[in-house]
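Okay, so here's the structure we're looking at.
Nothing in this text is a laboratory measurement; each read-out follows from the coordinates by a stated rule. Bear in mind the structure is a predicted one, so any value in this text is a computation, not a measurement. Note: ideal-geometry Cβ built from the backbone for every residue, glycine included; neighbour counts use all protein chains shown.
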Amino acid sequence: MVNKTYNEEFKLNAVKSLLAPGSPGLNATAGKFDLPPSTLYTWKKKYAKDSPMKKSKKIESWTPHEKLEIVMKTYSMQDEELGEFLRSNGLHSSDLDTLRKECLPSSNSKGRPRLEPEVVELRKQNKSLQRDLKRKDAALAEYSARVILLKKSHEIWGTSEEDE
């Protein structure tokens, strides 16, 4: 087997062709340049740093503002433009789907949105406290009525020695 040497310009052109929007893939691009696919793959790993493709930070560490901005930018893009945008930002289409689910309300959800568990728990506690307060108010009112009736009965009939 003969070892061929390729100049830097040829290598960069092959990698740019592989990374271009609408590229047919590694094997087809390698065949177009008469290269083994493994060689083109190695060049891609080496030269991708110089391409417009950049590594992005993980989307989990993005702020909600950054996530929403990406979703808004990509919302109306066509396939080729979208593919180029994703490659240039180091994103995958599944990353974009995840971002869209986080940022956009689901169209198939029905009814009220789910409340935070903390809010649900606080509402239960509030309801329980309100119920206890009403019960205690009723008990206090009943006790006050008994005291008033007892005083009136003492005024009318007097107090017996047994009561004192």
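Below is a table of values for the structure above.
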| item | result |
| --- | --- |
| Chymotrypsin sites (Phe, Trp or Tyr not before Pro) within the range 1-40, DSSP loop, no more than 11 other Cβ atoms inside 10 Å | none |
| Amide proton proximity set for residue 62, modelled H, under 5 Å, gap of 5+ | none |
| Across 16/73; 32/67; 127/152; 11/67, pairs whose alpha-carbon gap is larger than 28 Å | 32/67; 127/152; 11/67 |
| Average projection area in nm² (convex hull over Cα atoms of the range 116-164, one quarter of hull surface) | 4.2 |
| Potential lengthening between residue 146 and residue 130 on full extension [0.36 nm per residue; Cα-Cα distance subtracted] | 3.3 nm |
